[in-house]
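The values are calculated or read from the model by the stated rules, or taken from the named source; none is laboratory data. Because the structure is predicted, anything quoted here is derived from the model rather than measured. We place every Cβ from the backbone using ideal geometry, glycine too, and count neighbours over all the protein chains shown. Accessible surface areas use protein heavy atoms only, side chains included; no ligands, DNA or RNA. Shrake-Rupley method; radii C 1.70, N 1.55, O 1.52, S 1.80 Å.
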Amino acid sequence: METHYEILNVSEDATLEQIKSRFQQLILRHHPDRQGNIQQDNDQAQRILQAWEVLRNPQRRKTYDAELAARHRHRAAVINSEIDLDDMEYNEKTLTFSLVCRCSGIYAITENDLEQGIDVVCCDNCSLRIRVLYDVVDEDEEH
Ligand SMILES: [Zn+2]
C-alpha cells in the first residue's frame, strides 16, 4: 500500500508548493486521454487525485500524517527481521522465494507478490514476520 507521499513521489515534509507542482506534473502524465493503457492510467490518476485531495488540505494532511506515524510504529513492532532477497532460496518452478524460519516453518514470497509491492512475509507456522529487501527498478524515473 503506497502512501499519498509515495504516490506523488514527494518527501513527507514537502511544502504545499512542492506537492502542488508534483501533482500537476503527474496528473498530466497519467491523464487517461493521453496514453494507450486507459484502465491503468485511470487507476493511477485516481490515486494521484486522492493523494492530492488529502495533502492539499492542512487539516486532512495533519490527520493523515498522524495515521502514517501510527502505521510506521506498528510496522516496526511486528517485523522480526529483514532478509535480503538474495539470501532466500528461489524455486524456478513456482517462482517463489523461500526461507526456513527458526521454528522450521517456511517464509514464502512469490515474484507476483514482489511485483505488487508486498515485502512482508509471515511464517506459515508461527507468528514471526520478515521484511524482504530487494531493489526496485523504478521505470517511472526519467531523470
Ligand atoms: Zn516460524
Space enclosed by the convex hull of the alpha-carbon atoms of the range 79-133, per residue, Å³: 74 Å³
Please list 41-51, 11-21 highest first by mean number of surrounding beta-carbon atoms within 10 Å per residue. 41-51, 11-21
Taking the Cα centre as origin and putting +1 on Lys and Arg beta-carbons and -1 on Asp and Glu beta-carbons, what dipole magnitude results for the chain, to the nearest 20 debye? 900 debye
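Full extension from N125 to E12: what is 0.36 nm times the residue separation minus their Cα-Cα distance, to one decimal in nm?
37.0 nm
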The chain, relative contact order in percent, only Cα pairs under 8 angstrom and at least six apart counted: 17 percent
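Within the range 79-134, what whole-number % of the accessible surface is contributed by carbon and sulfur, with the 1.4 Å probe and all protein chains included in the calculation?
Details: 1590 of 3630 Å².
About 44 percent, which is the carbon plus sulfur part of the accessible surface.
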Taking square-rooted eigenvalues a ≥ b ≥ c of the alpha carbon gyration tensor, is the chain rounded, prolate or oblate, where a/c under 1.5 means rounded and, failing that, a/b exceeding b/c means prolate? oblate
Suppose each label sits 7 Å from its Cα in the direction of the beta carbon; what would the T3-E92 distance come out to in nanometres? 4.0 nm
By how many degrees, 0 to 90 and rounded to 10, does the Cα axis of helix 16-29 deviate from the longest principal axis of the chain? 80 degrees
Inter-part distance where the range 68-132 and the range 7-29 are each reduced to a Cα centre, Å: 31 Å
Taking only Cα atoms, what is the 0 to 90° angle, nearest 10, from helix 38-55's long axis to the longest principal axis of the chain? 80 degrees
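Probe radius 1.4 Å, ligands and nucleic acids left out: which of V121, V78, V100 has the largest accessible area, and how do the rest follow? Working shown, then result.
Working: V121 10, V78 45, V100 100 Å².
From most exposed to least exposed: V100, V78, V121.
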